[in-house]
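Chemist: The structure's right below; bear with me while I get my questions together.
No value in this document is a laboratory result; all are computed from the given coordinates. Here the structure is a predicted model, which is why all the values come from computation and not from measurement. Because the Cβ atoms are built from the backbone with ideal geometry, glycine has one as well, and the counts that use them run over all protein chains shown.
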Amino acid sequence: MKLRDLFTPDTVKLEIDSDSKDEILKELIELLELDDKSEAILFKTLKRRENLGSTGIGKGIAIPHCRSLVVEETRLAYGRKSNGAEFQAIDGEPVHHFFLIVAPPLEVSNQYLPILGKIAQFAKDPDIPEKLLQIDSPDAFLTLLEERGA
Amino acid sequence: MKPSSPTPPMHPQLMILLELQDLRAKYRELERDEASAAVEREVFNVDPDEALTGLGEAIEKLENSLSAPVRARYDRISPNRDRVVVPVLRGVCYGCFVSIPTATAGDQEVNQVLQGCESCGSFIYVVT
Ligand SMILES: [Zn+2]
């Protein structure tokens, strides 16, 4: 299972418009192109997870994640906020890179945790945050994943 | 890009049940799945015990907002199974894999009514 295969250019947004945590989550959710009700449920579920503790893992990276009935298979999206946003990250620094993961409640293949682990590993690679700031198209994002074998 | 057709309204109690479902799933995962709890602890710095307390409170609050008949059914089915709401995909209940001909994905109004699967008793959410 490659991260590269779980993203499409449509699920990559290089300029997140919003500044607040809630609006950023909504913008990420929109990339999944669900219906309005599903978006609303997913937002609530992601918020609940954020309330347990920010998914900002430091170094400018956040990985909002949850399981939800509104998806049939694991879905990923990436959003970039070049000038950074306050996300109550562990290190208190602004977040530039948002990796959204939504998995169905039950999956036969149980991809959720391995995917979460892979993203954390990829994003924490010392030069990745900088490289992510430099990419200029969704395809370049996919290429970067490919180059890293992620 | 959004789907072009307007989203059909959903029964408000079904919205609550779906939210409850997601919270219960998170609760179970932290409580029973050591690998998940470890990821939350190590990658995200979340204390699983504190998280369980917070989730438990949120679940109780939502349960209390269910209407009496829905709550009665919920109380009946929730102790015995992981999922109180199950998706219906292409006319098949994913709680028991029995086909539910009346709940088809093509029917746009279907989630406006709160329905249960006659075979397994779960509340159903028709994925359109
Ligand atoms: Zn059933």
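Chemist: Restricting to the stretch B:59-77, name every residue that is within 15 Å of the ligand (Cβ to nearest atom) and of a type outside the set (V, I, T). Walk me through it before giving the result.
Modeler: Start the filter on the stretch B:59-77 by keeping residues that are within 15 Å of the ligand (Cβ to nearest atom), which leaves B:73, B:76-77.
Scanning the stretch B:59-77 gives B:R73, B:R76.
Chemist: On to the next question. Give the residue, chosen from A:I63, A:I29, that is touching a residue at least 40 places away in the same chain (Cβ under 8 Å) and closer than 24 Å to B:M10 by Cβ. Steps first, please.
Modeler: Working: A:I63 fails: closer than 24 Å to B:M10 by Cβ.
From the options A:I63, A:I29, the qualifying one is A:I29.
Chemist: Right, here's the next one. Give the residue that is surrounded by the most Cβ atoms within 10 Å (Cβ to Cβ), with candidates limited to residues of the stretch A:20-42 that are more than 18 Å from A:Y78 (Cβ to Cβ) and more than 8 Å from every other protein chain (Cβ to nearest Cβ). Steps first, please.
Modeler: Of all residues in the stretch A:20-42, those more than 18 Å from A:Y78 (Cβ to Cβ) come to A:20, A:22, A:35-38, A:40-41.
Still in the list and also more than 8 Å from every other protein chain (Cβ to nearest Cβ): A:20, A:22, A:38.
Numbers: A:S20: 11, A:D22: 12, A:S38: 23.
Per the criteria, the residue is A:S38.
Chemist: Additional query: Pick out the one residue from B:V84, B:V98, B:V92, B:V88 that is closer than 16 Å to B:D22 by Cβ and touching a strand residue (DSSP E or B) at 6+ places or on another chain (Cβ under 8 Å). Please lay out each step first, then the result.
Modeler: Numbers: B:V98 fails: closer than 16 Å to B:D22 by Cβ; B:V92 fails: closer than 16 Å to B:D22 by Cβ; B:V88 fails: closer than 16 Å to B:D22 by Cβ.
Exactly one residue qualifies, and that residue is B:V84.
Yes or no, residue by residue, for (1) basic (K, R); (2) within 11 Å of chain A (Cβ to nearest Cβ):
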{"residue": "B:E19", "(1), (2)": "no, yes"}
{"residue": "B:A25", "(1), (2)": "no, yes"}
{"residue": "B:E42", "(1), (2)": "no, yes"}
{"residue": "B:I59", "(1), (2)": "no, yes"}
{"residue": "B:S67", "(1), (2)": "no, no"}
{"residue": "B:R76", "(1), (2)": "yes, no"}
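Chemist: Take the stretch A:134-148 and flag every residue that is part of a helix (DSSP H, G or I) and of a type in the set (A, V, I, L, M, F, W, C). Talk me through it step by step, then tell me what you get.
Modeler: Taking the stretch A:134-148 as the starting set, the residues that turn out to be part of a helix (DSSP H, G or I) are A:134, A:138-147.
Of everything in the stretch A:134-148, those that are part of a helix (DSSP H, G or I) and of a type in the set (A, V, I, L, M, F, W, C) turn out to be A:A140, A:F141, A:L142, A:L144, A:L145.
Chemist: I would also like to ask the following. Check B:L55 against each of (1) more than 17 Å from A:G53 (Cα to Cα); (2) within 11 Å of chain A (Cβ to nearest Cβ) and name the one condition it does not meet.
Modeler: So B:L55 meets the others, but not (1).
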